[in-house]
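I have placed the structure first, in the form of structure tokens, so that the comments after it can refer back to it.
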Amino acid sequence: MTALGKLLRTTAFRLTLVYLIVFALFAVFLLGYFALNTRRLITEQITGTVDAEITGLSEQYNQNGLRRLVVIIDNRSRRPGSSLYLITTPSGEALAGNVGSLEPGILDKPGWFETAYRRLEESEGPEHHALVRVFQLAGGFRLLVGRDLEERERMFGIIATAGRWSVAMVIVLGVAGGLFVSRRVLKRVDAMTETTQTIMSGDLSGRLPEAGTGDELDRLASNLNAMLERIESLMRGLKEVSDNVAHDLRTPLTRLRNRSEQALRMGKSDKDYRAALEATIEESDGLIRTFDALLMIARAESGEAREGMTEFDASEVARDVSELYEPLADDKGLALHVEAPLAARVKGNRELVSQALANLVDNAIKYAAAEASPLNGVVPEVVVAAATQGDRILLSVRDKGPGIPEGQRPHVVQRFVRLEQSRSQPGSGLGLSLAAAVARLHGGELRLEDNAPGLKAVLALPRAEPMQGTA
């Protein structure tokens, strides 16, 4: 398809053409209405003038007779630019006036007529047109008075010519404007199409260009760019997950294989085989937990869990999770406290929120226990709290562990990311990733703050709207 063909097929050009036709029709109607009313006004002025003259002349005839009327008409006929006058006998013989010829039958009956005529001094040449009135006087004499219509036709012609030029200018400017607008729109659409083809070829870093005008194309490009940003982020995350899964699962799978080989090679009794099987089961359980965490993160990020959202008390969740982890904290020599005195209503997926909070508590116990020592004066405790702050419900876990350096906090919420000092501790590096995904699912966020010393992990979730009729 040629460039002109693409231009003429654009929606912008077609819309411009439709608006152009509508506007041109409106302009024609408006100019026609103006022309017809102008013509009607001139006609009314002529009829008014002619009626006044006939009234005056008929009065002269009634008062002073035919001779006086003939003298008056003869005098008026000689004036430059005068009206048309003619007085005839009952048989049609002209007595006075400036009309040389008329269309046949005009003088036969009284009334208004538009007729072609020539003046007395115009024996040849084109005929003129006039609006005349024929009036019958007493005695059968006929009086004709009229006005030439050249002025009216000239005015009508001026308006018609102006109308034609105006419509022509509207069409020319409209088509030129339509082509200009269509070309600009087509240029932007072509740029978007080129970018989308680049994206379709596999380069997700491409973005649709924005003109900065804030029009509908800019808004569309902005929304599509946000979508592309999200898709690129998901694809990058998928690639990272695939790489990390392949890397992080290689070690436990290798251990499983080595233990199995060792049991086959060196096992000499049921006890040896049993120990190898127990170690294999333990390693397999760790792999299953990793896959379960990955599936739960995927479930949270896909939005699938939104269907099962209900309203629940976050303070109750904090107490339940704390009760679940209290024996583990005791075994590690830590005190686990709960600060959730008031109800904190949240609408969401209770299972995922509980799992996210459990991950935070598990991390806090793990690293606080490793850091706690009676010799360094650090109080070995973990505090789980639920509180309301504005339109947010804050589920927080505070510990006195080593904490996370501020510069590394944005990275630790990514999948399989583990800091150097935490590699000696068991874990898969998915706990904070799951907590962050659950927070995003609920329209909230996971904040990692300094507890001086230690870490304060805050799960900020939107507070549930109060039910109608409740205070």
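The values are calculated or read from the model by the stated rules, or taken from the named source; none is laboratory data. This one's a predicted model, so the numbers in the text were calculated from it and none came from an experiment. Surface areas here come from the heavy atoms of the whole protein model, side chains and all, with no ligands, DNA or RNA. Shrake-Rupley method; radii C 1.70, N 1.55, O 1.52, S 1.80 Å.
Okay, here's what the table says:
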| quantity | calculated |
| --- | --- |
| Per residue, in Å², the accessible surface of the range 148-215 once ligands and nucleic acids are set aside, probe 1.4 Å | 65 Å² |
| Alpha carbon convex hull of the range 135-187, volume per residue in cubic angstrom | 62 Å³ |
| Rounded if a/c under 1.5, otherwise prolate or oblate - the range 1-130, Cα gyration tensor axes | prolate |
| The range 1-144: relative contact order in percent, alpha carbon pairs under 8 Å with at least 6 residues between | 16 percent |
